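J.: Here's a structure for you.
The values are calculated or read from the model by the stated rules, or taken from the named source; none is laboratory data. For clarity, every value in this text was computed on a predicted model and none was experimentally measured. Each accessible area value is taken on the protein alone, full model and side chains, heavy atoms only, with ligands, DNA and RNA left out. Shrake-Rupley method; radii C 1.70, N 1.55, O 1.52, S 1.80 Å.
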Amino acid sequence: MGDEFADQDVIRRLLSESGTWAFVGLAGNPQREVYNQARLMQQRGKRIVPVHPAAEEVLGEQGYASLADVPVTVDVVGVYRRAEHAGQAVDEAIAAGAKAVWLPLQVIDEAAARRARDAGLDVVMDRCPAVEWARRR
């Protein structure tokens, strides 16, 4: 894969300029990595939107069953699903009008990443938002 989907300028821009992050797979389980990443982004001033079939409130934010149900514009969709399910979430992000998708460490779907890029979205793949945030300093 190389660094095709790890452009440092894109990463810096998404971390600096984005306002709303939807986290696909985010439920109320603080033992899950998605919960920790969402909390970190929230602590850094980002609005977080939980997206999970349970549609439960997480970290004080209303949850939604799907990206199509989210009533606000999403800057970044974090895809915290296994790689074999990532493509569906990326396609939903494209359909929902998201501006970017971020696939974290070990969530790799190059075909989905190319579909998103071809649709005009910024794409980051196989990178951790927390690690990238720390590198900004």
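J.: List the relative contact order of the chain as a percent without decimals, with contacts defined as Cα pairs under 8 Å and 6+ residues apart.
T.: Working: 260 pairs, mean separation 32.8, N = 137.
With pairs under 8 Å counted, the relative contact order is 24 percent.
J.: Keeping all protein chains in place and using 1.4 angstrom, which order do W133, W102 fall into by accessible surface area, from largest down?
T.: W133, W102
J.: With θ set to phi - 60° and the Karplus curve 6.51 cos²θ - 1.76 cosθ + 1.60, what are the ³J(HN,Hα) couplings of region 87-102 in order, to the nearest whole Hz, using x for Gly and Pro?
T.: x, 4, 5, 5, 4, 5, 5, 4, 5, 7, x, 4, 8, 7, 10, 10
J.: Can you compute the helix-only [θ] at 222 nm over the chain? Use -39500 (n - 2.57) per DSSP H run of at least 4 residues, normalise by all residues, nearest 500 deg cm²/dmol.
T.: -11000 deg cm²/dmol
J.: I would also like to ask the following. Using the heavy atoms of the protein chains alone and a 1.4 angstrom probe, what is the accessible area of region 1-83 per residue in square angstrom?
T.: Each residue of region 1-83 exposes 48 Å² on average to a 1.4 Å probe.
J.: Okay, next question. According to the square roots a ≥ b ≥ c of the eigenvalues of the Cα gyration tensor, what is the shape class of region 1-73, taking rounded for a/c under 1.5, prolate for a/b larger than b/c otherwise, and oblate for the remainder?
T.: Here region 1-73 falls in the prolate category.
J.: I need the phi-derived Karplus couplings for region 12-26: 6.51 cos²θ - 1.76 cosθ + 1.60, θ = phi - 60°, integer Hz, Gly and Pro marked x.
T.: Here the 3J(HN,Hα) series is 4, 5, 5, 6, 8, 9, 6, x, 10, 10, 8, 10, 6, x, 7 Hz.
J.: Whose amide H sits under 5 Å from the amide H of V49, counting only residues 5 or more places off or on another chain, with H placed in the peptide plane?
T.: Amide H neighbours of V49: W21, A22, F23.
J.: For C128, list long-range residues whose amide hydrogen, built 1.01 Å from N in the peptide plane, is under 5 Å from its own amide hydrogen.
T.: Excluding prolines and chain starts, which carry no amide H, the hits are L105.
J.: Provide the three semi-axes, in whole Å and in decreasing order, of the ellipsoid equivalent to the chain as defined by the square roots of 5 times the Cα gyration tensor eigenvalues. List each step's numbers first, then the result.
T.: Numbers: eigenvalues 81, 58, 38 Å².
Gyration-tensor ellipsoid for the chain: 20, 17, 14 Å.
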